[in-house]
Amino acid sequence: MNDTMKVAVQPEVEAFVVEVEHRLADLSPDERDELIGGLRADLSERLAEHSGPEAPAEVLGDPADYAAELRTAAGFAPVATERRVRRPMAIVVGEWLDSGKRTWVELADKVPGGPREFLESLRPVWWVLRAWVAWMLFQDMVHAPSVSYGLDWLVVLAAFVVGSVQLTRSQGRLARLRGHAAARLALIGLNVLAVCLLPSAVDRATWGEYQDAYEQAYVDGATGETGTGIMFNGVELTNLFVYDAQGTPVTGAQLFDGAGRPLVINENLFLDDYRTQMYPWLSNGAPRFNVFPLPVGKVDPETGERAADAWDGPNPPALPDFPFAAAPTVELPELAELPEVPAR
């Protein structure tokens, strides 16, 4: 192609060249220059030399066909492949979240009664409830299973509430940060997690009320104020371990007093974790709390009482270990054999 002649470029030539360049946009600058470097001069010269009645557009021809011929001659595909522009992931996710929000608003607005306005009015309640769930989870991590309502923990709860409110209503730099796609996804995740943890938090708060009653019952039993079981030095016992004269542990020892009354523990007592109780032995299906040692097992977490199906569960009650593998042997003085005492 000849680009040495200085010929005025007509508008038709310029439009033709621009269209051809557009159809070669997928090629590199060097490749495009090699194909159409002198195209403006050549086309301008062609029009200048043409003296027929045809219009300039007819003389120049179709730029699409011309670009296809150039591409084919150079070994490229006749038509440029459409390049997909990679958009930032944050923008894609943000648009997806915006679309989901618009869909939710459209669906909610179609429900009779206008529930969307009502639900939006409850947002402050949710902010506080979300903070309370986080507070309960934090307590579970620090000192499970108890729940504290002391002044220090109430201050922590207030801090959680302030943080939850600020997380949603803040302005300025934090608001701009919250507008990012990652922050929006994190906030959605926190809300979903709070909804999932809400039932367990409510159960734990309810268990805390039961636990207070259990602690008071345990203290009452320990001080003897309302004790109904076996006492030792003012403390109500939860189990006994019996050894025979040879110091061998005895399992299933039944204890009675001199009047034939069974010596029983207070069956309402709990161990130190307030989730474990003594389970009775059975006699013709009836529970017996005067047979030692008593099995130890977990209570039903929903009722706070002995589980009815405890013996059928994966962790049934079990006999506790004796405090000693063997006790010292004992005997009565000057007696070779213990006399037999007739039963009453």
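Could you tell me which of Pro314, Leu269, Ser283 has its Cα farthest along the dipole of the range 259-323 towards the positive end, charges placed at Cβ (Lys, Arg +1; Asp, Glu -1), taken about the Cα centre?
The listed residue farthest towards the positive side: Ser283.
Distance in nm between label sites at Ser283 and Met231, each 7 Å beyond Cα in the beta-carbon direction?
2.5
Within the range 275-301, what residues put their amide N at less than 15 Å from the label point 7 Å along the Cα-to-Cβ vector of Leu240?
281, 288-295
What shape does the range 89-153 have by the C-alpha gyration tensor, where a ≥ b ≥ c are the square roots of the eigenvalues, rounded means a/c under 1.5, and otherwise prolate means a/b greater than b/c and oblate the rest?
Because a/c hits 1.5 or more and a/b fails to exceed b/c, the range 89-153 counts as oblate.
Compute the distance in nm between two label points, each set 7 Å from the Cα along the Cα-to-Cβ direction, one at Glu21 and one at Ala57.
2.1
I'd like to compare 126-137, 13-24: which one has the highest average count of other Cβ atoms within 10 Å, and what's the full order after that? Each step should come with its number before you reach the end.
On the way: 126-137: 19.2, 13-24: 16.9.
Going by the mean number of other Cβ atoms within 10 Å, highest first, we get 126-137, 13-24.
Taking R0 as 41 Å, what FRET efficiency do you get between Ser99 and Asp272 from their Cβ-Cβ distance, rounded to the nearest 0.05?
Computed FRET efficiency for Ser99 and Asp272 comes out at 0.15.
For the pair Asp140/Leu190, report the inter-label distance in nm, with labels modelled 7 Å from Cα in the Cβ direction.
Each label point lies 7 Å from its Cα, and together they span 1.8 nm.
FYI, it's all coordinate maths here, none of it is from the lab. Please read all numbers here as calculations on a predicted model, not as lab measurements. Cβ coordinates were reconstructed from backbone atoms using ideal geometry, including for glycine residues, and neighbour counts include every protein chain displayed.
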